[in-house]
Structures are given as structure tokens and as C-alpha cells.
Amino acid sequence: MFFTVSLYISLVIFVFGLVLKVSSWFRFTLDPEDEASKAGTRVSAALKGIFLTLFSRKILRVVKALFCDILFQSRILRESLLRWVMHMCLFWGFLLLLLMHALEKTISYPLFKDYSATLNPFLFLRNLFGLMVMIGVGISIYRRFFLKMPLFTNRMDRYALLILTVVMLSGFLLEGGKIGSHTAYQSMVEEYAVTASKEELKALESYWVEEFGTVSSAVKGPFEKEILAQGKEVHEVACISCHSKPQWAFISYPVAAVMRPLGGLLDRAGIPVILWYVHFLACFVGLAYLPFSRMFHLIASPLSLLANAVMDAKESDPANLMTKQLIELDACTHCGTCTSRCAVRIWQEEILNTKILPSEKLAPLMAFAQGKNLDEEKIRSLQEGLYLCSNCYRCTGVCPVGINLQELWFKAREAVLARGIPEVLLLSPLSFYRALRREELAQETYEKPLSSIRRALEEVCNRVDLQDSVLDIQKADLGFRKDLGLSDWGESYSFCFTCTTCSVACPVVQRYPNPPEALGLTPHQIIHAAITGFSDPIFKSNMLWSCLGCYQCQEACPQGVRVTDVLYKIKNMAMERLKNKKPADKPS
Ligand code: SF4
Ligand code: SF4
Ligand code: SF4
Ligand code: SF4
């Protein structure tokens, strides 16, 4: 009764979690403004996509991904043999245990006529599969805690490892306890050897103590050969059809041997029963927790691999691409391969923000996609991670789950830009990564962050009107001059003698027939305004945000003024000015 109720409760929680998770793939998105983001559109696009795939040549790619990437895990083998052994052990050990042992009533009994958990080959196989899982868990713990892998073990990882360890250890202890248990032996005899005489039962018990490791207080070895022979005869009639020698349980039998000196005590204290509860409760907790934990990747990773095998950013339905990204966020196994190859990983030694690492960005990104109310600090650490990314594509190339991380970073940058404070590096209309994908964004979308930051800056910088024919020296911002002058980057600006070489060398200035009209101030004017302390015209100047960071002005300057560095410093100061305003003042 307890078993059935617990099983059904955990099953109900599992199904509820599964529905919640799968529906989240259609409910959430990194791009809520997109027309294709509506749940109904995405469900029908997914069904249509699956149907078309099943009846097209793409099905061959699905089969290939199924065998090579999912069943054989070839992507992981390419990366590391140790990780491949770990994954194969965990995946196959766990799957086979689930099918053969946990679902024995549904699978093993109908499939094998003579199935019995205590009969070979099943007795041996159960230990083998259990050993595989333990090897997988052991390698995982070794990699996380002893090898210097770039892995950040979070609460979810710990819970998953803990549940798996409890399930496996309690399973082996339970089997070991049962091997030695006289109570278990007695109930077997009462069920299957009812016709045996007292003498035969004594012989059988002696035989089981000698050969099966049963702990008995009634009979003690060494036994006479005749008694053992008689016991063997009774065993062959009553027990052999269900019991192979327990030595085949090559892990549980040694466990039973270790427990043997205390076997009678443990049996009388009901330890095997307690272990039975622990084992099944841990299994049920694991089942119920699965959709809410990192272990959910057991379901999402194969789906991500299959989806990526047939989907293409250019050809696939945008609604399906959106759904695929949500599946990918769930599919991450937190293996750390992407981080081990990340071009900006080196910065983690300096910047104590783990969100600059690809493997650590996915969890906050999922929370972000789900519209959770992340505080500003969390958004900014995610932003920092997204913007420091150098678009090197290494993470996407090595991810064993085939997650298109590059595409996720791109979408996420746009989404964060729309919701958070714009980042200085992205505000130039020629900003590197946005310019690379310009044709994929509508003109309005492309310009929105830039125009919103300019509007916000105009609100903050309203003391000096650029149209003033004569700048009032009383309005000079001496604090600005001090801040800029004190910085390592900006210290050299005061050597400028306004020769205009920097503006002549600037490719942005050259682009416009009337630069002052388009850009406000040109580079030499910005430097001059900085010297005189007129910060507001600089902050409002389009030049500041149109600068490509090409360093041509700096290289051309005859006075060694670090023009580009000064511009970067001023951009950061503008961001600080915005950041320190009340939220209502921030750009929408
Ligand atoms: S994104 Fe891929 S490579 Fe990175 S931690 Fe997740 S599964 Fe591993
Ligand atoms: S694309 Fe970005 S996140 Fe990925 S490896 Fe390169 S720098 Fe790291
Ligand atoms: S090139 Fe150098 S000295 Fe000439 S205006 Fe520009 S910053 Fe000043
Ligand atoms: S770095 Fe200098 S030359 Fe290059 S775009 Fe910016 S202001 Fe112009």
C-alpha cells in the first residue's frame, strides 16, 4: 500500500513536472515581441515540422543522430575518452536498470518467459548495470571535485548526484542484506518448500548457509557432506528455478559477506526492510524531482540533438527555432566542455563573474526567458557575460548536446538589450556582432537600443545646448574633467593642440558629407570639449556612439593623445551616469 501510494504520488508529480516543462518550451521565448512567439503558433509549427520530417529525407539525419549522437554519444568521444566512458556508463547503466529492474513488471516479465530478478543472467546483469552507474557517478565526482575542470557544481548538480548515489548504494546494500537475511530465506521456504520434512528443511538451510551466504542461528557449519547433498536435492526441487548462486551478484555478494558478522542482528533490527524503503523512496524522489532538476536533460538532450540534426537557422520555421532554443536551455548537461574551450575563460581569473562562462550563462538565461523578475545585479552579470563573448564559435562547435550556443547568445543579447541597460559596446550602429547579423534584424529593431540610449542621455545631459553659439564657461563640468583626467586611459588628452588630424583620419567622419550635422562633435572636438570640461555635448554627440574603436585617430595623433581610449572612458562614464539615475529615468 505504502509502495503503491508513494509510486503514484511520485508519478503524478513527474507527469505534472513533465507537462510544465514541455509546455514551457512553447510558452516562453527570448523574443516575446516576435509574432511567431505565440504558444498556439509554435505548437502547430512543431507538429507540422515533425510530420514533414517523418515523411522526408531528413528522417535519415534523425536516424543518424539517434545512433551516433544519442546511443553511441560520438560527440563526447571526440572530446574526451574519460567523459565518454562516464556518459556511456551513466546512460546505458541507468537506462538498462530502469527497463530491466524498475519496470520489470512491464518489460522483463512479458519479454523473458523465465525472468526472475534472482536468476541468471538477470542477477548478474543487474549488478553489472549498477556497477556501470556507479562508475559513471564516480567519474563525475572525480571530474567535478578532484580534476581541475572548469565546472561550477551548483545545488542542482549536487542533489542529482546525491539522489543517484543513494539509489545505487541502497540498492546494493538491500541486495546484500537480502542475500544474508534469514527472514527472506524463511519466507521463501514457507512459499516454495511447504512439502519438505523437518529434516529436509534443516538440510536445505545448511545448504543455503554454506552455498548462498544465508545467516542462520539454527544451523552452523562446517556441515557434513551428506547433509549438504540432501539440502542440494531439496534446493533443486524447490528453489533452483528462481535462484542462481548469489556469487553472480558480484557486488552485492561481497557486500553481504561484509555484513555477515552482523547479519543476524541487522535482520532482527529489520535493516533490509529499512533499506527497501530507502531504496524505493530515493527512486521515487528521483522520479518526482527529475523534471524540476538538472536530470531533466535526460529527456531534453536527445530532443535537442534530434532537433539540431534537422533544423537550420535559414530554412526552419522561426516558431520552431524559438522552441528549439528553449529545449536547448533545458538540454544542457552542465558538463563544462564549452567553458573549457571558451575564449574569454581566462578573464574569469580577473572578473569574478561566473556568468561570463558559457556553461554558467544558460541557467540565468532560462530564468530570463521565463520572464522571471531578475534583479538588476543578476541582469548586469548576465549582460557582462553576453557582451564579453568574442563570438569565437568554439562553444557551439564542441557542445556534446549540439546546442547552438552562438545563436542563443545572439538572441539573448538582443533580448537583454531590450530589457536591461544598454551596454556601451553595442551602441555603435556598426557594433561588431550586431553588424554581422544586421540583415536579420528589422531596421527599427536594429536602431532601437541606440536611439533609446541617446534619448536617455539627452534627459540626463540637459545643461548645455549644443546649439548655443557660445558655451558658457560657468556650465563647465569640472568633476567630469577630474574623473577623466584621473583615469589611466584618459590622462593623456590634455596634450591635444586641436590639429584635427584625428578627425581627418577617422573613417566615421569621412563617411558623412556634413560630419557636424550627422555626428555632433568630431573626435578632435570631443577631446577639446573634454579639456574644457563640457561633458554634456560629448555625451549627446552621435560621434561617441558611432565610433568603431578602430584606433586610427589614436595612431595618427602627433601628440600621442589616446583618443580612442579617451572615447571609451567617456562612454563608460556615460553609462555610469545612466546607471546612477532612478529606474524611471532609464531607457525603455
Ligand atoms: S552548453 Fe553544452 S558544452 Fe556547455 S555545459 Fe551545456 S552541454 Fe556542456
Ligand atoms: S562564442 Fe563566446 S561564449 Fe562561446 S566560446 Fe567563444 S567567447 Fe566563449
Ligand atoms: S590628432 Fe591629437 S593633437 Fe590633433 S586634435 Fe586629435 S587629439 Fe588633438
Ligand atoms: S577610434 Fe577614432 S578613428 Fe576610429 S572611429 Fe573612433 S574616433 Fe574614429
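The values are calculated or read from the model by the stated rules, or taken from the named source; none is laboratory data. From a predicted model like this one, the values you see are computed outputs, not experimental measurements. Cβ sites come from the backbone with ideal geometry, for glycine too, and all protein chains shown count toward neighbours. Quick note on the areas: whole protein, heavy atoms, side chains included, nothing else; ligands and nucleic acids left out. Shrake-Rupley method; radii C 1.70, N 1.55, O 1.52, S 1.80 Å.
What number of residues within the stretch 227-286 satisfy the criterion of being assigned to a helix (DSSP H, G or I) and of a type in the set (Gly, Ala, Ser)?
10
Need pairs with beta-carbon distance below 7 Å; first residue closer than 11 Å to Leu305 by Cα and within the stretch 54-77, second among the β-branched types (Val, Ile, Thr) and surrounded by 14 or more Cβ atoms within 10 Å (Cβ to Cβ); sequence gap 6+ or separate chains.
Close Cβ pairs (under 7 Å, with a partner that is among the β-branched types (Val, Ile, Thr) and surrounded by 14 or more Cβ atoms within 10 Å (Cβ to Cβ)) amount to Arg61/Val310; Val62/Thr53; Val62/Val310.
Which residue, of Leu81, Leu99, Leu60, is open to solvent by 60 Å² or more (accessible area, probe 1.4 Å) and at pLDDT 95 or above? Please lay out each step first, then the result.
Values: Leu81 fails: at pLDDT 95 or above; Leu99 fails: at pLDDT 95 or above.
None of the others qualify; the one that does is Leu60.
Going by what's in this entry, would Met156 be described as open to solvent by 60 Å² or more (accessible area, probe 1.4 Å), modelled with pLDDT under 90 and either part of a loop (DSSP other than H, G, I, E, B) or of a type outside the set (Val, Ile, Thr) (or both)?
On the way: open to solvent by 60 Å² or more (accessible area, probe 1.4 Å): yes; modelled with pLDDT under 90: yes; either part of a loop (DSSP other than H, G, I, E, B) or of a type outside the set (Val, Ile, Thr) (or both): yes.
For Met156, the condition - open to solvent by 60 Å² or more (accessible area, probe 1.4 Å), modelled with pLDDT under 90 and either part of a loop (DSSP other than H, G, I, E, B) or of a type outside the set (Val, Ile, Thr) (or both) - is met.
If you take the residues in the stretch 363-395 that are in contact (Cβ under 8 Å) with a residue 40 or more places away in the chain, under 15 Å from the mean Cα position of the chain (by Cα) and buried (at least 20 other Cβ atoms within 10 Å of the Cβ), which one is nearest to ligand 2 (Cβ to nearest atom)?
Cys395
Pairs only if they're at least six apart or on different chains, beta carbon under 6 angstrom, first in the stretch 534-561 and within 10 Å of Leu521 (Cβ to Cβ), second assigned to a helix (DSSP H, G or I) and within 12 Å of ligand 3 (Cβ to nearest atom); list them, first residue then second.
Between residues of the stretch 534-561 that are within 10 Å of Leu521 (Cβ to Cβ) and residues that are assigned to a helix (DSSP H, G or I) and within 12 Å of ligand 3 (Cβ to nearest atom), the close pairs are Pro537/Ala529; Ile538/Ile526; Ile538/Ala529.
Return the only residue of Ala229, Ala193, Ala184, Ala218 being among the small types (Gly, Ala, Ser), under 25 Å from Ala117 (Cβ atoms) and open to solvent by 20 Å² or more (accessible area, probe 1.4 Å).
On the way: Ala229 fails: under 25 Å from Ala117 (Cβ atoms); Ala193 fails: open to solvent by 20 Å² or more (accessible area, probe 1.4 Å); Ala218 fails: under 25 Å from Ala117 (Cβ atoms).
Residue meeting the stated conditions: Ala184.
Quick check on this structure: which one of Pro513, Pro558, Pro507 is at pLDDT 90 or above, open to solvent by 30 Å² or more (accessible area, probe 1.4 Å), away from ligand 4 (no atom under 15 Å from the Cβ) and more than 22 Å from Val460 (Cβ to Cβ)?
Pro513
Those residues that are more than 24 Å from Leu161 (Cα to Cα) and at pLDDT 90 or above, I need them from the stretch 260-315; list them, please.
Scanning the stretch 260-315 gives Leu306, Ala307, Asn308, Ala309, Val310, Met311.
Within the stretch 102-115, is even one residue open to solvent by less than 50 Å² (accessible area, probe 1.4 Å) and touching an Asp or Glu at 6+ places or on another chain (Cβ under 9 Å)?
Narrowing the stretch 102-115 to residues open to solvent by less than 50 Å² (accessible area, probe 1.4 Å): 104, 108, 115.
Next, from what is left, pick out any that are touching an Asp or Glu at 6+ places or on another chain (Cβ under 9 Å): 115.
Yes, the stretch 102-115 has at least one match.
Assess whether Val566 counts as being in contact (Cβ under 8 Å) with a residue 24 or more places away in the chain, within 40 Å of the chain's Cα centre (by Cα) and within 14 Å of ligand 3 (Cβ to nearest atom).
yes
So, in the stretch 184-226, exactly how many residues are in a loop (DSSP other than H, G, I, E, B), of a type in the set (S, T, N, Q) and either modelled with pLDDT under 90 or in contact with a Leu (Cβ under 8 Å, 6 or more places away or on another chain) (or both)? Steps first, answer last, please.
Step one: filter the stretch 184-226 for residues in a loop (DSSP other than H, G, I, E, B), giving 193-197, 213-224.
Still in the list and also of a type in the set (S, T, N, Q): 195, 197, 214, 216-217.
Then drop every residue that is not either modelled with pLDDT under 90 or in contact with a Leu (Cβ under 8 Å, 6 or more places away or on another chain) (or both), which leaves 195, 197, 216-217.
Here the count works out to 4.
Test Glu360 against the stated conditions and say whether it is closer than 17 Å to Val416 by Cα, more than 16 Å from ligand 4 (Cβ to nearest atom) and modelled with pLDDT under 90. Even if it seems obvious, please write down each step before you answer.
Values: closer than 17 Å to Val416 by Cα: yes; more than 16 Å from ligand 4 (Cβ to nearest atom): yes; modelled with pLDDT under 90: no.
Spelling it out, it is not the case that Glu360 is closer than 17 Å to Val416 by Cα, more than 16 Å from ligand 4 (Cβ to nearest atom) and modelled with pLDDT under 90.
Among all residue pairs at least 6 apart or on different chains, which show Cβ distances below 8 Å where the first residue, located in the stretch 439-463, is within 16 Å of Val416 (Cβ to Cβ) and the second is among the polar types (S, T, N, Q)?
Leu450/Ser428; Ser452/Ser588
For Ile538, all conditions in the list (1) within 14 Å of ligand 3 (Cβ to nearest atom); (2) open to solvent by 10 Å² or more (accessible area, probe 1.4 Å) hold save one; what is the number of the exception?
Single failed check for Ile538: (2).
Keeping to the stretch 1-37, report how many residues are exposed (fewer than 13 other Cβ atoms within 10 Å of the Cβ) and of a type in the set (Phe, Trp, Tyr).
Selection size over the stretch 1-37: 3.
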